[in-house]
Amino acid sequence: MAVMNVNPTRMELTNLKRKLTTARRGHKLLKDKRDELMRRFLELVRENKELRRRVEEGISEANRHMSVARSVMSDSALDVALMMPTQEMSLEIEEKNVMSVMLPVFDAKLKSADENDIYSYGFAFTSMDLDQAVKALSDIMPLMLRLAEVEKSCQLMSAEIEKTRRRVNALEHVMIPRYEETIKYITMKLDENERSSTTRLMKVKSMMLEDARQKAIAHDREVASRQ
Amino acid sequence: MYKIAAMGDRNSIYGLASLGISIFPTDDSAEAVKTLRRISESGYAVIFITESLASLIQTEIEKYKDEPLPAIIPIPGVSGNTGMGMKQVSRFVERAVGSDIVN
């Protein structure tokens with residue numbers, strides 16, 4: 001792993017050490033976030049698959065009735081029957097915050113209070129299969145809305161998990177090792193500098209001592225020759 | 001106050017109209033893209049779309065995948081279940097975990 005391009009000074013070292021602690025703490029927090037997101041996500045996905053299975057069954061059931069209705073009624077009669085819906089559905093949306101992911105919560109409201117008020121036609125001129133198709137769809141509707149909610153949540157969560165996982169990996173495999181390497185590099189460099197200055201001092205001291213000794217010997221000789 | 005929409009070929013989504021869902025029948029991809037853009041900006045929170053139509057405008061649908069709204073949900077049409085919805089759920093798991101571990 002590459003060492004960062006920094007000056008090997010004590011100040012850099014302190015800065016880097018501080019950054020490393022922050023990175024470690026961030027890594028731990030993000031890892032916790034990822035694990036919790038993953039747990040919730042897997043729960044949601046299981047629900048999603050179950051809901052989808054049931055909704056798809058319900059819709060194909062409704063479609064079956066619908067095809068029969070279409071075959072026994074004329075197109076125009078069918079159009080007329082379904083032309084003016086009596087019911088109107090609207091949604092209230094709340095947001096739920098799960099590990100800082102905003103998930104939608106849908107709450108369906110119907111215009112008319114009676115939820116059986118779904119037949120926009122008189123029963124006299126329409127086929128029974130049309131009633132069954134509409135009924136089947138109406139039965140499956142709450143599940144479809146729940147499916148929409150869960151599926152969107154899964155989608156948003158998977159994006160968030162992907163992002164968090166990348167961050168965790170970047171911290172774990174790039175940032176933290178890089179900081180550690182650089183700190184090691186600076187420490188070694190500083191130690192090396194210290195050792196080299198110690199040796200220099202020792203050398204200078206020994207040279208000075210040698211010099212002084214030579215002078216002392218020369219001085220002694222001079223004194224001796226004068227006597 | 002948000003509304004619910006359904007897109008797809010007319011026969012598949014006609015029944016949904018009686019439940020109070022706004023329907024936008026189309027089976028042409030260019031028109032579907034235009035409709036999708038229009039309705040996603042005009043207060044529709046949930047858009048059900050038939051799998052056959054969804055497969056035609058996949059790239060357009062992808063654009064909404066990180067937006068909180070609208071939720072675009074593929075449903076099987078009259079032509080039958082293509083398994084696309086289930087595949088999409090598996091894709092979420094793949095995106096999050098790396099491989100599809102939920103069966």
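Observations on the structure shown:
- Both radii are taken from the alpha-carbon atoms of chain A; with Rh as the Kirkwood radius, Rg/Rh is 1.58.
- Net charge dipole, chain A: roughly 2720 debye, given to the nearest 20, about the Cα centre with Cβ charges of +1 for Lys and Arg and -1 for Asp and Glu.
- Cross-link pairs exceeding 32 Å between alpha carbons, from the set A:Lys33/A:Lys189; A:Lys31/A:Lys184; A:Lys31/A:Lys109; A:Lys19/A:Lys152; A:Lys33/B:Lys63: A:Lys33/A:Lys189; A:Lys31/A:Lys109; A:Lys19/A:Lys152.
- Distance between the range A:178-220 and the range B:64-86 - C-alpha centres, whole angstrom: 75
- With contacts taken as Cα pairs under 8 Å at a separation of at least 6 residues, the range B:3-97 carries a relative contact order of 28 percent.
- Under the criterion of Cα pairs below 8 Å and six or more residues apart, the relative contact order for chain A equals 35 percent.
- Per-peptide average of other Cβ atoms within 10 Å, ordering B:52-64, A:57-69 highest first: A:57-69, B:52-64
- Charge dipole (Cα centre; +1 on Lys/Arg Cβ, -1 on Asp/Glu Cβ; no other charges) of the range A:135-227 amounts to roughly 340 debye.
- Estimated FRET transfer efficiency (A:Ser60, A:Glu172; beta-carbon r; R0 45 Å; 0.05): 0.45
- Since only B:Val102, A:Tyr121, A:Met73 are under comparison, the one whose Cα sits farthest along the positive direction of the charge dipole of the protein assembly as shown, derived from C-beta charges on Lys, Arg, Asp and Glu, is B:Val102.
- Per residue Cα convex hull volume in Å³ - calculated over the range A:139-227: 53
- With 0.36 nm allotted per residue and the present C-alpha distance subtracted, the A:Arg46-A:Met102 stretch has 18.2 nm of extension available.
- Tilt relative to chain A, helix A:128-170 - C-alpha long axis, 0 to 90 degrees, to 10: 0
- Cα gyration tensor shape for the range B:1-44, rounded if a/c is under 1.5, else prolate or oblate: oblate
- Computed from the Cβ-Cβ distance with R0 of 41 Å, the FRET efficiency linking A:Arg221 to A:Arg195 stands at 0.55.
- Counting Cβ atoms of other protein chains within 10 Å of each residue's Cβ and taking the mean over peptide B:46-57 gives 2.
- Take each residue of peptide A:59-72, count the partner chain Cβ atoms within 10 Å of its Cβ, and average: the result is 3.
- With 0.36 nm allotted per residue and the present C-alpha distance subtracted, the A:Glu180-A:Asp211 stretch has 6.5 nm of extension available.
- Extreme residue, positive dipole direction of the protein assembly as shown, given options B:Met7, B:Pro68, A:Thr182 (C-beta unit charges): A:Thr182
- Each label point was placed 7 Å from the Cα along the Cα-to-Cβ direction; for B:Met1 and A:Ala2 their separation is 5.9 nm.
- Volume of the Cα convex hull of the range A:1-67, divided per residue and given in Å³: 143
- Antiparallel bridge percentage (DSSP; both residues within the range B:3-97; nearest 5): 5
- Rounded to the nearest 500, the 222 nm mean residue ellipticity of the protein assembly as shown from helices alone is -22500 deg cm²/dmol, with -39,500 (n - 2.57) taken per DSSP H run of at least 4 residues.
- Bridge orientation summary for the protein assembly as shown: considering DSSP beta bridges with both residues in this region, about 50 percent are antiparallel.
- Computed about its Cα centre, the charge dipole of the range B:3-97 is approximately 160 debye, with only Lys, Arg, Asp and Glu carrying charge at their Cβ.
- Rg/Rh for chain B stands at 0.98; both radii use Cα atoms, and Rh follows the Kirkwood definition.
None of the figures in this text is laboratory data; all of them are computed from the coordinates on show. The structure presented is a predicted model; accordingly, all values stated were derived computationally and were not measured. Cβ sites come from the backbone with ideal geometry, for glycine too, and all protein chains shown count toward neighbours.
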